[in-house]
Amino acid sequence: MHKILVSRCLLGHRVRYDGGASGPFDVLQQWIDEGRVVPLCPEVAGGLPTPRAAAEIPGGQGSEVLDGLTSVITVEGQDVSAEFLNGAHQALALVRQHGICIAVLKANSPSCGNRQTYDGTFSGVKVSGEGVTAALLKRHGVLVFSELELAEAGQALATLN
Ligand code: SF4
């Protein structure tokens, strides 16, 4: 049984910075029923409250946060890099614990975004980049999809079974 790491907010858990959630998504419910889903909200696991101040990465590159080249900053100017890195490493620990090679993470998030993130200006501008957790998981060979790519995630899973 191949497990899949999934962003908690995609499972209807109200863990987003604004106290909201996303979903439901039929395929995620199917994977829950199959016992495949390992849920995680990296920001909450990393120690941040809900609701919390919106945060962005200046330049939008989670890999630069991993390398200590930039920080995750809230709209109030607080550096929350430590919490974001803590959550990312908890995600990696779960991946290793469960032998996970597929993740479905929330698009555009500074933690979970797999293709785009906001650019750090808090003006709604997205850039090509990754959140901190998505970047760490990709570095370790995990295939990271978003809720916009559930069909692709399903195809990747099918190749494993
Ligand atoms: Fe948590 Fe990721 Fe969802 Fe943000 S996008 S609420 S960090 S699971």
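The values are calculated or read from the model by the stated rules, or taken from the named source; none is laboratory data. Keep in mind it's a predicted model, so treat the numbers as computed, not measured. Glycine gets a Cβ as well: all are built from the backbone with ideal geometry, and neighbour counts include every protein chain shown. Side chains included, ligands, DNA and RNA excluded: accessible areas come from the protein's heavy atoms. Shrake-Rupley method; radii C 1.70, N 1.55, O 1.52, S 1.80 Å.
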Quarter of the Cα convex hull surface for the stretch 4-160, i.e. its orientation-mean projected area (nm²): 8.2
FRET efficiency for Lys126 and Ser22, using Cβ-Cβ distance with R0 set to 22 Å, rounded to 0.05: 0.85
Heavy-atom accessible area per residue - the chain, 1.4 Å, Å²: 46
Estimated 222 nm signal from helices in the chain, with DSSP H stretches of n ≥ 4 weighted -39500 (n - 2.57), rounded to 500: -9500 deg cm²/dmol
Placed amide H near Ala107: partners under 5 Å, 5+ positions off or other chain: Glu147, Leu148
Chymotrypsin sites (Phe, Trp or Tyr not before Pro) within the stretch 115-157, DSSP loop, no more than 14 other Cβ atoms inside 10 Å: Phe122
Taking the chain and dividing mean pair separation by its residue count, relative contact order in percent (alpha carbons under 8 Å, at least six apart): 24
Rounded percent of accessible protein surface that carbon and sulfur make up, the chain, 1.4 Å probe: 50
Span-like helix ranges in the chain, DSSP H, alpha carbon extent 18 angstrom or more, Kyte mean at least -0.5: 81-98
